[in-house]
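A.B. asks: One structure coming up, written as structure tokens, with questions to follow.
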């Protein structure tokens, strides 16, 4: 028998007719889906055996602090809208609006530019016959647009369907990680000589490059605990299950990252790691080029393709919930919050988010100019993610005293650590990637875009408040 919804959980969601579809198991798998990106083991593997220190530092200084803050706030305020609601209550409505705005820009940019990744997976599965795919701009654009339209349709149907897609993507991701760990254990038992020492507790040499890798691992690979909180009003018992999902998923995710990187180094030394497909490299090196190896590589690529689609399904759905909740507060026109009469999902908000992703996909396809747009957009989007997290940690550090939230020294210290990691990561987002002819101009473009995004968000908030007062 299904448990009754927690009556303390987001009464507004009941008033607006949202369906409570998510149980604890769904939330745990969603945490895995939204946090684990197995390609990150390639970036960490380039640091050699000292990757252990970087992972542990990222876990200690960002991963655990973020989990601590999310557990505390999701238990005290299990509200649909997650970070937007927490920052709004703890800092100010304006800060909450900017947190939602920056989070939305990140999602739209990242998933609007996922076409090359999807086509790369399809080309890998097609083998030599698929070599032409990556050079076909119409195919890249067509695939991402078709994928986004399918994601829109699945999101309209709602979490009743979407949770099964997301759960499947999470389970396949865990299966791929488990195969990599199996290869690590098999190599240790068989005494196979390692291509490189997989683990070491030695400190990496301190440099700007090491700091850059650390911040990217922390913000890129270890963030996401907050996202499930956006769906609080669609959970069966948000105040109970959201914190539990963090507790259950956190150690599993940390272990997968560290062991997965170690497995990679056993077979592939730094300098020869394919950053675009490190997991496929592990499978090929571990199982060889025989029929079993080829089958497992195909399965891995297919699983990662489903993972990418599942992640986009969750993130687009999450992003559409933010303007829906902001519309409840009267800061956006009411149509943003209108729900589908049958499925009770924010269909118009979903359509707008999907359309924005498609526009980004079209803009990023303009030849060399499009590639520069991608680099500038991703840099600015990651910076926006840092801004959002800084606002989230500010609830604990600088926010109002909330009666629902009990703050101890440990929680404040955790929030300070997470805040400083985000602040340290911000300057690295304006550094140019390889192939940029003018580093200074690139930095000005990224920095200007970050300022412009937040200036636009501030103007939209001002417009929304004026509109609400005059209504």
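A.B. asks: Please report the relative contact order for the chain, taking Cα pairs under 8 Å with a sequence separation of at least 6, and give it as a percent rounded to a whole number.
C.D. replies: Dividing the mean separation by the residue count of the chain yields 32 percent.
A.B. asks: Using only Cα atoms and rounding to the nearest 10 degrees, what angle (0 to 90) does helix 115-126 make with the longest principal axis of the chain?
C.D. replies: 40
A.B. asks: Now, a different point. Which whole-number percent is the relative contact order of the range 14-145 (Cα, under 8 Å, 6+ apart)?
C.D. replies: Computed value for the range 14-145: 10 percent relative contact order.
A.B. asks: Between residue 412 and residue 210, what is 0.36 nm times their sequence separation minus the Cα-Cα distance? Round to one decimal in nm.
C.D. replies: Extra length from residue 412 to residue 210 when fully extended: 70.0 nm.
A.B. asks: Per DSSP H run of n ≥ 4, the term is -39500 (n - 2.57); total these for the chain, divide by its residue number, and report the mean residue ellipticity at 222 nm rounded to 500 deg cm²/dmol.
C.D. replies: -23000 deg cm²/dmol
A.B. asks: With a Förster radius of 45 Å, plug the Cβ-Cβ distance of residue 146 and residue 56 into 1/(1 + (r/R0)^6) and report the FRET value to the nearest 0.05.
C.D. replies: It comes to 0.65.
A.B. asks: Now, a different point. Contour minus end-to-end for residue 401 and residue 203, with contour as 0.36 nm per residue of separation and end-to-end as the Cα-Cα distance?
C.D. replies: Working it through step by step, the gained length comes to 67.3 nm.
A.B. asks: Expressed as an acute angle from 0 to 90° and rounded to the nearest 10, what is the orientation of the C-alpha long axis of helix 278-287 relative to the principal long axis of the chain?
C.D. replies: 40
A.B. asks: Next question. For the range 162-206 and the range 70-113, compute the distance between their C-alpha centroids and round to whole Å.
C.D. replies: Comparing the Cα centres of the range 162-206 and the range 70-113, I get a distance of 32 Å.
A.B. asks: Then there is this: Nearest 10 degrees is fine. How inclined is helix 93-112 to the longest principal axis of the chain, computing both from alpha carbons?
C.D. replies: 40
A.B. asks: Output the peptides 95-102, 54-61, 339-346 sorted from most to least packed, where packing is the average of other Cβ atoms within 10 Å over each peptide's residues.
C.D. replies: Highest mean packing first, the order is 95-102, 54-61, 339-346.
A.B. asks: How much length, in nm to one decimal, is gained on full extension between residue 466 and residue 185, taken as 0.36 nm per residue of separation minus their Cα-Cα distance?
C.D. replies: 95.0 nm
A.B. asks: Could you run the Debye sum over the Cα atoms of the range 41-185, one equal point scatterer each and no solvent, and tell me log10 of I(q)/I(0) at q = 0.10, 0.18, 0.22 Å⁻¹, two decimals?
C.D. replies: Normalising to I(0) and taking log10 leaves -0.60, -1.37, -1.30.
A.B. asks: To continue, here is another question. Provide the packing ranking of 187-194, 160-167, 106-113, i.e. peptides ordered by the mean count of other C-beta atoms within 10 Å per residue, highest first.
C.D. replies: Result, highest mean Cβ count within 10 Å first: 106-113, 160-167, 187-194.
A.B. asks: Additional query: Remind me, relative contact order of the range 73-191 in percent, using alpha carbon pairs under 8 angstrom and six or more residues apart?
C.D. replies: 12
A.B. asks: If you average over every viewing direction, what projected area does the convex hull of the Cα atoms of the range 203-314 give, in nm²?
C.D. replies: It is 9.5 nm².
A.B. asks: Moving on to the next point. Starting from one equal scatterer on each C-alpha and no solvent at all, send me the Debye-based log10 I(q)/I(0) for the chain at q = 0.06, 0.11 Å⁻¹, two decimals.
C.D. replies: Debye intensities relative to I(0), on a log10 scale: -0.25, -0.90.
FYI, it's all coordinate maths here, none of it is from the lab. Please read all numbers here as calculations on a predicted model, not as lab measurements. Neighbour counts run over all protein chains shown; Cβ positions are idealised from the backbone, glycine included.
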